[in-house]
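Data block below; observations after.
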Amino acid sequence: MENIRKPRGTMDIMAPDIYKWQYVERKLKSVASRFGFSEIRTPTFEELSLFQRGVGEGTDVVQKEMYTFEDREGKTFALRPEGTASVVRALIENGRCGDTYPIKLDYLINCFRYEKPQAGRSREFFQFGTEVFGSADASADFTVISLADTALRELGIKGIVLHINSIGCPACRPKYREALVSYLKANEESLCETCRTRMVNNPLRVLDCKNESCKKVAQGAPKTVDFLCEECSAHMNKLTATLNAAGINYKIDPMIVRGLDYYTKTVFEFIAEGIGAQSTVCGGGRYDGLVKELGGPALPACGFGMGITRVLLAMEESGVEIPSPETPRLYIASLGEAAQIWAQSEVYRLRSSGIYAECDTVGRSLKAQMKYADKAGALKVLIVGDSELESGRANLRTMTGEIGENSQSEVELEKIAELI
């Protein structure tokens, strides 16, 4: 019978690498907590219409990349392709849009998109995200950007560059769209087939195409910053002034447009050089119209999504040494059934008091237990048999430590917790 394999574009994450993921996740949560964010958890799947309205029916995500299904009642759902739309839906549905502003939320989620798997891109991917609701000021944009900057720096990633742009608002974007479409039509023959469709439905996405011919066309395209209204221009100027004051380096990049329809004004990406084609480790921006679009009040908002896989790739490229996971403080090697039973009960007592301890559960010989303890990185090994149980004393071997490698001393069994 053929073995069942995991779906293409998914990952099994386990030892010996899982501690790296846990380290990154703990760091991100710690930084978010310092910035005053609290966690939100939303369903893995939502009604399809949420993403059609929130992400945009003209986007590649909705048109080509979502995993959709019907339940037994005939309702159509989709595995979430991103986090923001679900967070907005949760705020509206639970009556939280009127909470004290700003509302600052963070999350760690898995997302799903049907894409061609490659380094840094998978069909199930893991994302850390933040959202700030209730502030139209550039200070909110700065908050999420500075949070991402702090987290990436504390993770030790080098060669990260912040790229920012403004794509305007409903007041000024129509003029830009008109100029862009006119330019793209004049260069239509140089565009790929997909971008010829995008040119009509979502022309901004043409600027983000990875096709070399489309890239060349995009380089000469009109720039969004040249069409900003007074309000959008002032917003961008305040953001850059704040970044300058904080000493956060950035690059104005007219090619940063993001791929989702809900963005307005600020868009940004943190790009890591050296990790391959999928070099954007974090991307986000402002989406002032999304809450209203999904049935809530006119509530300004901004945020970002950060790919955990790409963060790990960037850390590896930067030569970051992630702290190794905790190893057992004590391994109890047992000889005989009575000793094994005692070892089990003693390990339970040590674990209950906060000490990481291990013992044999598969019937290994003493020699095999010692090899296992060494492989597990146990700091000390206690060797217990029938005679040790009778005397209440046993040999405690220090594998590493102040006493010296593999040094040994006799100890009282009742005082094991104190001694380790």
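Structure notes:
- Backbone HN-Hα couplings from phi across region 238-245 [Karplus 6.51/-1.76/1.60, Hz, Gly and Pro as x]: 5, 4, 5, 5, 5, 4, 4, 5
- Rel. contact order, % - alpha carbon contacts under 8 angstrom, at least six apart, the chain: 15
- For the cross-link pairs K185/K216; K27/K238; K20/K64; K6/K116, the ones whose C-alpha atoms lie over 21 Å apart are K27/K238; K20/K64.
- K116-S213 pseudo-label distance in nm [points 7 Å out on the Cα-to-Cβ vector]: 1.6
- Relative contact order of region 183-297, pairs being alpha-carbon contacts under 8 Å that are 6 or more residues apart, as %: 19
- Backbone phi angles across region 15-32, fed through the Karplus curve with coefficients 6.51, -1.76 and 1.60 (θ = phi - 60°), yield HN-Hα couplings of 4, x, 9, 4, 5, 5, 4, 4, 5, 4, 5, 4, 4, 4, 5, 5, 5, 4 Hz in residue order; Gly and Pro are listed as x.
- Within the shell defined by Cβ-Cβ distances under 12 Å, the residues around G247 carry a net charge of 0, with Lys and Arg each +1 and Asp and Glu each -1.
- Per the Debye calculation on region 330-419 with a single equal scatterer at every Cα and no solvent contribution, log₁₀ I(q)/I(0) for q = 0.12, 0.16, 0.17 Å⁻¹ amounts to -0.31, -0.57, -0.65.
- Residue-averaged 222 nm ellipticity for the chain, from DSSP H runs of 4+ at -39500 (n - 2.57), nearest 500: -10500 deg cm²/dmol
- Burial ordering of K210, K64, K27, fewest other beta-carbon atoms within 10 Å first: K210, K64, K27
- Förster radius 56 Å - calculated FRET efficiency between E193 and A368 (Cβ-Cβ, nearest 0.05): 0.35
- Across all directions, the shadow cast by the convex hull of region 87-142 built on its C-alpha atoms averages 5.4 square nanometres.
- Exposure proxy shown here: for D226, D60, the number of other Cβ atoms within 10 Å sets the order, fewest to most, as D226, D60.
- Kirkwood radius and radius of gyration were both taken over the C-alpha atoms of the chain, and their ratio Rg/Rh is 1.11.
- Cα centroid separation, region 1-55 to region 70-149 (Å): 11
- Shape call, region 253-398: gyration tensor on alpha carbons, a/c limit 1.5: prolate
- Put simply, the amide H of K380, placed in the peptide plane, has neighbours under 5 Å in L330, Y331, M399, leaving out anything fewer than 5 places away on its chain.
- Extension gain for S30-V320 works out to 102.5 nm (0.36 nm per residue, less the C-alpha to C-alpha distance).
- Net dipole in debye of the chain [+1 Lys, Arg Cβ; -1 Asp, Glu Cβ; about Cα centre; nearest 20]: 1060
- Exposure proxy ranking, count of Cβ atoms within 10 Å, fewest first, for E412, E46, E269, E65: E412, E65, E46, E269
- Computed E for N94/E293 - FRET, C-beta separation, R0 22 angstrom, nearest 0.05: 0.75
- A DSSP coil position with no more than 15 other Cβ atoms inside 10 Å describes the following trypsin sites (Lys or Arg not before Pro) in region 334-420: R364.
- Stretching the chain fully between E57 and S353 yields a gain of 101.1 nm (0.36 nm per residue, less the alpha carbon separation).
- Multiplying the residue separation of T361 and S49 by 0.36 nm and removing their Cα-Cα distance gives an extension gain of 107.2 nm.
- D (Stokes-Einstein, µm²/s), Kirkwood Cα radius, region 1-130, 0.692 mPa s at 37 °C: 197
- Percent of beta bridges antiparallel (DSSP, region 330-419, rounded to nearest 5): 55
- Label-point gap, in nm, between N249 and N3 - each point 7 angstrom along Cα→Cβ: 4.6
- Proximal charge balance of Y356 [Cβ under 12 Å; K/R count +1, D/E count -1]: +1
- For region 280-291, Karplus couplings with θ = phi - 60° (6.51, -1.76, 1.60), whole Hz, Gly/Pro x: 7, 8, 8, x, x, x, 9, 9, 5, x, 5, 4
Every read-out reported here was derived from the displayed coordinates using simple, explicitly stated rules and does not represent laboratory data. Please read all numbers here as calculations on a predicted model, not as lab measurements. Neighbour counts run over all protein chains shown; Cβ positions are idealised from the backbone, glycine included.
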